[in-house]
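Data block below; observations after.
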Amino acid sequence: MCRAGGMPEPAGNGPGTDAAFSALLEDSAEDLYESAPCGYLSTMMDGTIAKINATLLDWLGLEREAVVGRRRFADLLTVGGRLYHETHFAPLLRMQGELRGVALEMRRQGGGRLPVLVSAVVKHGTGGEPLLIRTTVFDASDRRSYEEELLRRRKDAEQARVEAEQARAEAERARAESERAHAEADQARRQAEADRTRLAAALAVLQQSLVPDSLPAVPGLETAVHYHTAAPDQLGGDFYDLFPVAGDRWAFFLGDVCGKGPEAASLTSLTRYTLRAAAHHDPEPAAALATLNAVLHERYTADGDPRYCTCVVGVVEPGGEDGSATVRIASGGHPPALVLRSDGSAGYLPTPGGMLVGILPGAPIGTAETVLAAGDTLVLYTDGLTEARTGPARDALYGEDALRAFGADRAPAGPREVITALTGLLESFGDGLDDDTALLALGVPATPTPIRPTTSPTS
């Protein structure tokens, strides 16, 4: 039986079927938006989230009240995703008006990662002015797993083929020249061991030149530091320093440059000496960080070879009437400082809005200020700590929430006690800690203590 126009009617057509079909057509646009099989969100032009559907909130484990008007789209991404968003995604979207099928990773509540494919389009007003950004998010977990499995199998097959060819060639050489090959291999082994020893020694000396041997004694403060090098045969990119500036103020900084090896060492050296010179000229943290941003952008990005770093710069003024110390910090894309209070609480000192240093000529800088009372400790760290891989499969990140809980369990604690505890935490990660990590703690002693120099242990 057919409808008018010759179209066949669906099987089972009747009153019940018509009612069910009509019910489907009565779904509201809002219900379709909220329950769509993909994520939707709308943001202002600065990235602030104005609207987000329930599907994406469920994927990320977030509450609507904690997201809408409070976070930007980039805040939902992993560190690598934020970097790609700031350097590629956002600039291309502004130029082209739309992007489709861009692979990114989003952060789940609790530290997990969600591979996604993102499409975005800029909505314009009647006068052509950009009003907002509409973004669609597709879960790419299955696709990522499938691609990784295909790649792994391809690599396994290629490796097996290479190993078979090498084994056959080695057997042929062994039959003809077994004694001579053995002698040459033994000589090559000894030479390689000697080369590795010399290289490790040279890298150790060079690495020590990029960080201070010890921290100076600061009247009214206790300090502690730790530096973990992930690979002994590579130069690390983390850096820190503490030094006096005008008056009774002391400047400090801690950060992480992009890359590894000689290029990272060169960038680290330029960054440290630029910050020291800038802080002596103008000890205001935001001014010193702005100077570093201008230097890195002019030196590298303008030449088509962008280099960047994350960094937090601060000034501490000890000697308050009650023994307290005032701390002002400025941050460029760096993880927030952790503060352990004498009352046993622990929380972050947020510096929202700060961007990677060196990417843009006028990159925004996040600032914050706090007072350290007796028994309070300020802890700075690089992302090697929070991005350490945990769990049996090493597929989860340690994360900022776990670090805050770790600090709260040990508060109140002085800088040396905190650094000792964090050093033990780094060791507990085992092979899950695959990045350099720098730790720097400043605190006001709970009771007056004699001033003594603080060493700079490395591992």
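The values are calculated or read from the model by the stated rules, or taken from the named source; none is laboratory data. Only a predicted model underlies this, so the values are computations on that prediction, with no experimental measurement involved. All Cβ positions, even for glycine, are placed from backbone atoms using ideal geometry, and neighbour counts span all protein chains on display. SASA here: full protein model, heavy atoms, side chains in, ligands and nucleic acids out. Shrake-Rupley method; radii C 1.70, N 1.55, O 1.52, S 1.80 Å.
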Problem - Condition check for E105: touching a strand residue (DSSP E or B) at 6+ places or on another chain (Cβ under 7 Å) and either at pLDDT 90 or above or surrounded by 10 or more Cβ atoms within 10 Å (Cβ to Cβ) (or both) - result: yes
Problem - Selection count, the stretch 348-382, where residues are under 17 Å from A421 (Cα atoms) and either assigned to a strand (DSSP E or B) or under 19 Å from the mean Cα position of the chain (by Cα) (or both) - result: 6
Practice task
May I ask you to verify whether A287 is surrounded by fewer than 21 Cβ atoms within 10 Å (Cβ to Cβ) and at pLDDT 95 or above?
Solution key: yes
Practice task
Test T268 against the criterion of being part of a helix (DSSP H, G or I) and of a type in the set (S, T, N, Q), and give yes or no.
Solution key: yes
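Residues are listed down the side, and each one gets a yes or a no for (1) open to solvent by less than 20 Å² (accessible area, probe 1.4 Å); (2) at pLDDT 95 or above; (3) among the charged types (D, E, K, R):
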position	(1), (2), (3)
P318	no, no, no
G323	no, no, no
I329	yes, yes, no
A337	yes, yes, no
P361	no, no, no
L385	yes, yes, no
L403	yes, yes, no
E417	no, yes, yes
Exercise for the section: Scan the stretch 219-240 for residues that are at pLDDT 95 or above and either at positive phi or aliphatic (A, V, I, L, M) (or both) and jot them down. Expected result: L221, A224, V225
Handout entry: Pair list, Cβ under 8 Å, 6 or more apart: the stretch 55-66 residue in contact (Cβ under 8 Å) with a residue 24 or more places away in the chain and on the phi > 0 side of the Ramachandran plot, other residue open to solvent by 80 Å² or more (accessible area, probe 1.4 Å) and outside any helix (DSSP H, G or I)
Key = G61/R108; G61/Q109
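Residue-wise test of (1) of a type outside the set (V, I, T); (2) modelled with pLDDT of 95 or more; (3) open to solvent by 30 Å² or more (accessible area, probe 1.4 Å).
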{"residue": "A264", "(1), (2), (3)": "yes, no, no"}
{"residue": "L267", "(1), (2), (3)": "yes, no, no"}
{"residue": "H281", "(1), (2), (3)": "yes, no, yes"}
{"residue": "P306", "(1), (2), (3)": "yes, no, yes"}
{"residue": "T326", "(1), (2), (3)": "no, yes, yes"}
Completion exercise
Of (1) touching a strand residue (DSSP E or B) at 6+ places or on another chain (Cβ under 9 Å); (2) over 13 Å from N293 (Cα atoms); (3) of a type outside the set (A, V, I, L, M, F, W, C), S331 fails just (2)
Practice task
Being open to solvent by less than 70 Å² (accessible area, probe 1.4 Å) and without any contact (Cβ under 8 Å) to a residue 24 or more places away in the chain is the filter; apply it to the stretch 119-129 and report the residue that is farthest from G81 (Cα to Cα).
Solution key: G127
Exercise for the section: Determine whether A396 is open to solvent by 50 Å² or more (accessible area, probe 1.4 Å), farther than 20 Å from F243 by Cα and at pLDDT below 95. Expected result: no
Problem - Selection from the stretch 108-118 of residues that are farther than 22 Å from R389 by Cα and either open to solvent by 20 Å² or more (accessible area, probe 1.4 Å) or of a type outside the set (V, I, T) (or both) - result: L117
Completion exercise
Considering residues that are outside any loop (DSSP other than H, G, I, E, B) and charged (D, E, K, R), the number found within the stretch 302-347 is 3
Problem - Every residue from the stretch 417-444 that is among the acidic types (D, E) and either assigned to a strand (DSSP E or B) or in contact (Cβ under 8 Å) with a residue 12 or more places away in the chain (or both) - result: D431, D434, D435, D436
Completion exercise
Selection over the stretch 130-183 where residues are of a type outside the set (V, I, T) and touching a residue at least 60 places away in the same chain (Cβ under 8 Å) yields a count of 6
